[in-house]
Amino acid sequence: MTMLRRRLTINGIVQGVGFRPFIYSLAKDIGLVGSVYNSSDGVKVDIQGNSIQLDQFDARLRLEAPPLSTIISVQKEDIPALDDSDFTIIASHDNASVSTLISPDVALCDACKDELFDVKNRRYRYPFINCTNCGPRYTIIENIPYDRPFTSMKHFPLCEVCHGEYQDPSDRRFHAQPNACPECGPQVWLTDQKGKKIESVDPVSKTIELLVGGKILAIKGLGGFHLVVDASNSEAVAQLRLAKGRDEKPLALMVRDLATARELVQVHQKEADILLSIQSPIVLCASLAKDKIAPNIAPGNDRLGIMLPYTPLHHLLLSGELDTLVMTSANFSEEPICIDNEEALDRLSGLADYFLLHNRDIYLRSDDSVVMEMAGEIRPIRRSRGYAPRPIFMKQKGPSVLAVGGELKNVVGLSRDEKVFLSQHIGDLENLEAFEFFKMTIDHIQRIFEIEPELIVHDLHPEYLSTKWAKEQNIPLLGVQHHHAHLASCMADNNLDEPVIGIIMDGTGYGTDGTIWGGEFLVGDAAGFERKAHFEPMPLPGGEAAIKSPWRIGLSYLHQVFGNNLPDVPALKDRDIQPIIQMLEANINSPLTSSCGRLFDAVAALSGGRQEIRYEAQAAIEFMQAAQNEIGRDSTRFGFTEFNGARVIPMASIMENLVSRISDGRTQTQLSQWFHSSLVNSFSQVTDTLRDESGIDQVVLSGGVFQNRLLFEALLGMLNTQGFKVFTHKHVPTNDGGIALGQVIIGQNYLRK
Ligand code: ZN
Ligand code: ZN
Ligand code: FE
């Protein structure tokens, strides 16, 4: 048969994931000659053989590709045959990785785990064991190409044995950049609070001993430090809460294995799959009996955040006496997670009793990701370690845009061609350290992906630090309305281009009229939007400060509807309401908001729920839980009135119906069921009207309020029944962690015109 030679150019996540050795073994297996190498437009494979062999290669390429790789495209061209006699891997040159992608960090693989616990293996109990299929990636990369000298492994020259593995195409560690062993690689050690080394034969066993003794440990991990305590020790948990400045917000757990998880929480199939996945996020699962863990881990919350060990060090920590640990980002309150040894000893010395340190530097911090199953799908709540910087792929190529996100749960986005790279979770920019991290991350991702943006997209809010930073850059700017970005984000999440009806239920977002929006029905696409309906704007006495005291919001909404004839609501009985009423009547510091999040706060507080909150959305979360997963049959359609060309859902309708039920002596459970079902009822009426008017039947749901499972699932069900095509978030969070994606898409659309 004639010898044919073909050149394939493969694009996608094909670097640092064992792709070239895979190509090598596949070609060898089929009996092809040729070569594989990196180039500026992807991985190139030259293969030579007969037509049957070439077809076989084609068929097996996608089927057998390594687990961490993602093939986006394969271009083929026929080239003249040569007289090669073997298949070879050609070493990469500089500049060869321009369009290859960087893998996220990956949980320990099974093969490495087996070796970790194999007494005969030379890496037995070695906390940094890894291979081409697992281990650190994004967090240790300083520059490109992704080669050892450009990672934090540069300080660890490979020993002879490791070097042999690294160079052997048939080895699982061929070109595994973080490859290491106890002879040549990073080490762990234990110190006291002051950084003084504690001598011990096995620092990991000593750490377990300290945890069993009720101590707080700061443990350096993959994307940063964790604060760790024994999850069954309520005193240690209380100490940890005190140190961290975290009163009631639930703490995440790391458990030994799936079986241990099942003792604590309900685990559905999809939840089990994602727990065991290479991303290994925290999964918010429904709690079972909590007697196995301290009661102060997730007080008043019916979900527990659970993750499985994802580094070798975690596996070692959980293989001894303890099988359930509290593992929370090591930071104070909402500050960014700590990554550096010196920084940790400095910032955490008042928080932790002991430190388990190591000497593999973390270049880019990355918090644990958080996901939750809703309506049968796993949805991201925080997309970070394990996911970033894997791009979101768009249908078409677009210009390069930098999106700086919002203020809370900040994430930045940067696009190149058809890819949108979203950063890891950066945090709340209100604090200085998060803002520094924000700037550093932008710098870093621009460098490692070699992107020079043509446009910066920012939120319309003039006071956001991200907005202020954007305005200082010497690059053209575009301000985008917050809820328009939510709408575009959900469109992009589902690859939609045609106009949609957006139901955007959110906490806070700066409106085009200078008021605070957040309960919005928008019609539009990436090119623009119209605000078609919203909740009636209500004053927020004291502005943002009111968010911490839902009872003040409840009082304000009642006062707005009933004026001086305030109805008798038990929840407000012992409150000092006069100063608030004076503030409202004099219209001092009481900005208007149509926010759905604030409406939840108001209704929750008036119904006898949380009057003061200790963490974001606590009132709404507990009020939802009060409904006990039931939507009420008692349901009110709040209706709407026309106002300035838009429809407004009147607050009188909501408050009057609520107050009459409260005076009838309804329980909080009944009130919550009624409120949820009334929102579903009212939202579907508005959406129906907008469909009649616009002819549009595609609906997107976005905004932080849709983390409310009860509302989300019931509304989704109702809209589906009514024949809408409903699209929801699956790849980026519905909260503000997802808006950078929308900002990118709106920015690209703007540049195209
Ligand atoms: Zn491995
Ligand atoms: Zn070695
Ligand atoms: Fe938002």
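At-a-glance table
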{"quantity": "Peptides ranked, highest mean first, by Cβ atoms within 10 Å: ranges 16-26, 401-411, 736-746", "calculated": "736-746, 401-411, 16-26"}
{"quantity": "The range 533-727 - percent relative contact order, Cα under 8 Å, separation 6 or more", "calculated": "23 percent"}
{"quantity": "Cα-only Debye scattering, the range 431-578: base-10 log of I(q)/I(0) at q = 0.21 Å⁻¹", "calculated": "-1.31"}
{"quantity": "Computed Rg/Rh of the range 3-140, alpha carbon atoms with Kirkwood Rh", "calculated": "1.03"}
{"quantity": "Furthest towards positive pole of dipole, GLY528, THR636, SER85, structure part the chain, Cβ charges", "calculated": "SER85"}
{"quantity": "Estimated dipole of the range 692-753 in Debye, rounded to 20 [Cβ of Lys and Arg +1, of Asp and Glu -1, Cα centre]", "calculated": "300 debye"}
{"quantity": "Residue-normalised accessible area of the range 4-101, expressed per residue, 1.4 Å probe, Å²", "calculated": "43 Å²"}
{"quantity": "Inter-label distance for LEU258 and GLU530, nm, one decimal - labels placed 7 Å from Cα along Cα-to-Cβ", "calculated": "5.1 nm"}
{"quantity": "Estimated translational D of the range 533-727 in µm²/s (Stokes, Kirkwood radius over Cα pairs; 37 °C; 0.692 mPa s)", "calculated": "191 µm²/s"}
{"quantity": "Inter-probe distance in nm under a simple model that places probes 7 Å from Cα toward Cβ, at ARG447 and THR9", "calculated": "2.9 nm"}
{"quantity": "The range 188-358 - accessible surface per residue (Å², probe 1.4 Å)", "calculated": "37 Å²"}
{"quantity": "FRET efficiency estimate (nearest 0.05) - Cβ-Cβ, GLU630 to ASP497, R0 45 angstrom", "calculated": "0.75"}
{"quantity": "Order by protection proxy (mean Cβ within 10 Å, highest first), peptides 611-624, 258-271", "calculated": "611-624, 258-271"}
{"quantity": "Residue-normalised accessible area of the range 447-489, expressed per residue, 1.4 Å probe, Å²", "calculated": "40 Å²"}
{"quantity": "Potential lengthening between GLU418 and ASN587 on full extension [0.36 nm per residue; Cα-Cα distance subtracted]", "calculated": "56.0 nm"}
{"quantity": "FRET efficiency, 1/(1 + (r/R0)^6) with R0 30 Å, evaluated for THR641 and GLU544 via beta carbons", "calculated": "0.60"}
{"quantity": "Efficiency of FRET between ASP202 and ASP664 - r from beta-carbon atoms, R0 60 angstrom, step 0.05", "calculated": "0.40"}
{"quantity": "Normalised alpha carbon radius of gyration of the chain [divisor 2.2 N^0.38 Å]", "calculated": "1.01"}
{"quantity": "Peptide ranges 308-314, 431-437 listed from the most packed, as the mean C-beta count within 10 angstrom indicates", "calculated": "308-314, 431-437"}
{"quantity": "Net length gained if the chain between ASN564 and SER694 were fully extended (0.36 nm per residue, minus Cα distance)", "calculated": "42.7 nm"}
{"quantity": "Simple label model, 7 Å out from Cα along Cβ direction - LEU432 to ALA243, nm", "calculated": "2.4 nm"}
{"quantity": "Base-10 log of normalised Debye intensity for the range 616-753 (one unit scatterer per alpha-carbon) at q = 0.15 Å⁻¹", "calculated": "-0.89"}
{"quantity": "The chain - percent of accessible surface contributed by carbon and sulfur, probe 1.4 Å", "calculated": "48 percent"}
{"quantity": "Where only C-alpha atoms are counted, convex hull volume of the range 188-358 per residue in Å³", "calculated": "102 Å³"}
{"quantity": "Rounded Å value of the spacing that divides the Cα centres of the range 1-41 and the range 103-137", "calculated": "26 Å"}
{"quantity": "Debye, to nearest 20: dipole size of the range 4-101, +1 on Lys, Arg Cβ, -1 on Asp, Glu Cβ", "calculated": "200 debye"}
{"quantity": "Total charge dipole magnitude, the chain, about the Cα centre, Cβ charges on Lys, Arg, Asp, Glu only, Debye to nearest 20", "calculated": "420 debye"}
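The values are calculated or read from the model by the stated rules, or taken from the named source; none is laboratory data. Computed from a prediction, not measured in an experiment: that's the story for all the values here. Note that each Cβ is placed from the backbone with ideal geometry, even for glycine, and that neighbours are counted across all protein chains shown. What goes into the accessible areas is simple: the full protein's heavy atoms, side chains included, and nothing from ligands, DNA or RNA. Shrake-Rupley method; radii C 1.70, N 1.55, O 1.52, S 1.80 Å.
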